[in-house]
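One structure below.
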Amino acid sequence: MFAAVRAVLDRRLDRDVERPVLVACSGGGDSIALLLAARAWAAGAGRRLVIATVDHGLQPQSACWAESVTRRCAASGETHLTLRWEGPRPARGVSAAAREARHRLLAQAARDVGARVVLAGHTADDVLEAQLMRRWGSSVPSPREWSPSPAWPEGREVFLLRPLIGLRRIAIREALVALGETWIEDPANASPLSLRARARAHLAGDSSQDPAPEPPPAGLSPFDEGPAGELASDRSSLVAASDAVARAWMGAALVCAGGGRRAPRGEALDRILSMARGGGDAASTLAGARICREGERVTIAREAGDERGAHPQALLLEPGVPIVWDGRFEIVAREPALKVRPLAGAMSKLTRPDREAVMLAHPLARPATPLIERSDGSVFLPRQGQAGVVTAQSLVKARLDAACGATDHETAIVAWRTHPEHPKFAA
């Protein structure tokens with residue numbers, strides 16, 4: 001078992017670097033196997049592990065389970081973090097909310113300790129269960145071996161690696177028993193109220209099934225980024241791609257340009273893709289983004305505002321503290337009393353150079369361009385890089401490339417946000 005896991009870790013991770021790897025460990029059988037395998041690999045790879053347990057607070061024993069992982073890590077001299085899901089819980093959809101909270105907490109913990117990769121203990125059974133749940137009508141996605149964190153913006157520059165994804169749960173349990181290991185069994189895994197638990201029960205005892213092969217990543221998208229975070233592509237690239245690849249590109253482009261958290265799916269996405277592939281001029285909106293087809297060119301930009309009030313918000317900037325504004329730009333101020341807001345309605349206040357810079361962006365993108373406002377009402381554009389009172393780093397293109405599978409190794413995350421400077425942000 002460990003040999004197969006080590007092969008995955010060697011293929012995806014760096015060796016002999018100080019940066020830690022975060023290991024998600026609940027204390028269950030899969031995560032204990034992951035922890036043991038990660039330890040064996042890290043000892044030979046010169047890597048440090050930080051172990052994190054998410055306490056969702058959904059079971060009376062959850063705090064005790066987290067403490068058991070703490071004791072296990074203390075015995076091995078490892079750093080252990082307990083991450084608690086706090087705040088109100090939804091009346092419905094608790095499982096989905098817990099999953100989102102788990103990803104958010106793990107991503108933030110990874111950023112806090114300087115890790116770029118989170119190891120998770122998903123197995124081939126998790127893939128089979130997801131496939132079965134989708135046949136039953138669920139929209140749950142299948143876990144992939146390697147993918148960007150689904151938490152946004154907390155998960156920017158953080159990737160998930162699931163090195164057990166090719167192993168069946170029964171084989172993992174047999175290996176743990178042979179090693180004399182024990183683990184926690186969460187009673188929620190057997191609850192008939194849970195669709196996941198019903199899928200698990202349906203598959204129990206059948207070790208002959210293998211999940212369908214993981215589809216390859218969509219690959220580098222044809223979309224280029226403009227000076228205000230807009231994305232543009234030739235229509236011919238979308239027409240030439242297979243439906244599955246074009247759908248993946250379009251869904252990722254919409255959520256990245258729109259700054260949202262979830263890529264659109266289903267009939268709404270198919271409708272937008274069909275429009276983009278068509279001829280002539282057309283426009284529509286989806287996922288907080290506006291898509292415009294002008295002849296042979298397709299442009300996607302943040303929608304400046306709509307009847308639902310889904311528009312970029314003004315935020316006060318704290319000097320020296322990076323914030324992600326509108327899900328699209330990481331902004332850092334170096335002076336107090338500055339606010340970031342959308343440009344809409346303030347074009348006449350700009351200096352001539354700033355107005356000229358804004359005009360380089362597509363008209364769709366101009367209203368949602370980030371603008372900095374002083375307490376006296378004067379405004380200016382942020383700058384890219386380290387120069388300027390306020391700097392802004394676009395996250396749009398790098399997020400898009402990551403979503404489409406262009407980042408396939410820990411080393412590549414170093415350049416996750418690197419892209420050419422755009423005219424708007426020139427010093």
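Just so it is clear, none of the values below were taken in a lab; they were calculated from the coordinates. Quick caveat, the model's predicted, so the values are computed rather than measured. Because the Cβ atoms are built from the backbone with ideal geometry, glycine has one as well, and the counts that use them run over all protein chains shown.
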Rounded to the nearest 500, what is the chain's calculated 222 nm mean residue ellipticity when only DSSP H runs of at least 4 contribute -39500 (n - 2.57) each, over all residues?
-> -10500 deg cm²/dmol
Apply the Debye scattering formula to the stretch 277-387, with a single equal point scatterer on each alpha-carbon and no solvent, then give log10 I(q)/I(0) at q = 0.13 Å⁻¹.
-> -0.55
Build a GNM of the chain with springs between Cα atoms under 10 Å: which of Ala91, Ala304, Ala268 gets the top mean-square fluctuation?
-> Ala91
Of the labelled options (1) 1.29; (2) 0.94; (3) 1.06, which one gives Cα Rg over 2.2 N^0.38 Å as computed for this structure?
-> (3)
What value does the stretch 2-203 have for Rg/Rh, both radii from Cα atoms and Rh as Kirkwood defines it?
-> 0.93
Any chance you could give the angle, 0 to 90 degrees and rounded to 10, that helix 169-178 forms with the longest Cα principal axis of the chain?
-> 50
Report, in debye and to the nearest 20, how large the dipole of the stretch 1-151 comes out about its Cα centre when Lys and Arg carry +1 and Asp and Glu carry -1 on their Cβ.
-> 220
Taking Cα centroids, how far is the stretch 138-184 from the stretch 260-334 in Å?
-> 31
The stretch 124-175: chymotrypsin sites (Phe, Trp or Tyr not before Pro) in DSSP loop, at most 14 other beta carbons within 10 Å | Trp136
Could you tell me which GluC sites (Glu not before Pro) in the stretch 1-81 are loop residues by DSSP with no more than 12 other beta carbons within 10 angstrom of their beta carbon?
-> Glu18
Go through Val8, Leu286, Gly29 and say which Cα lies farthest out towards the positive end of the charge dipole of the chain; charges sit on Cβ, +1 for Lys and Arg, -1 for Asp and Glu.
-> Leu286
Taking every DSSP beta bridge that has both residues in the chain, what percent is antiparallel when rounded to the nearest 5?
-> 70
Rounded to the angstrom and largest first, Cα extents along the principal axes for the stretch 157-250 equal 57, 28, 27
If one takes the longest principal axis of the Cα atoms in the chain, at what angle in degrees, from 0 to 90 and to the nearest 10, does the Cα axis of helix 62-75 lie?
-> 80
Magnitude of the Cβ-charge dipole (Lys and Arg +1, Asp and Glu -1) of the stretch 83-239 about the Cα centre, nearest 20 debye, reported as 500
Dipole size in debye (nearest 20) for the chain around its Cα centre, Lys and Arg Cβ +1, Asp and Glu Cβ -1?
-> 380
Could you pull out the longest piece of the chain with no exposed loop trypsin sites (Lys or Arg not before Pro) in it, calling a site exposed if DSSP puts it outside H, G, I, E, B and it has at most 10 other Cβ atoms within 10 Å?
-> 93-307
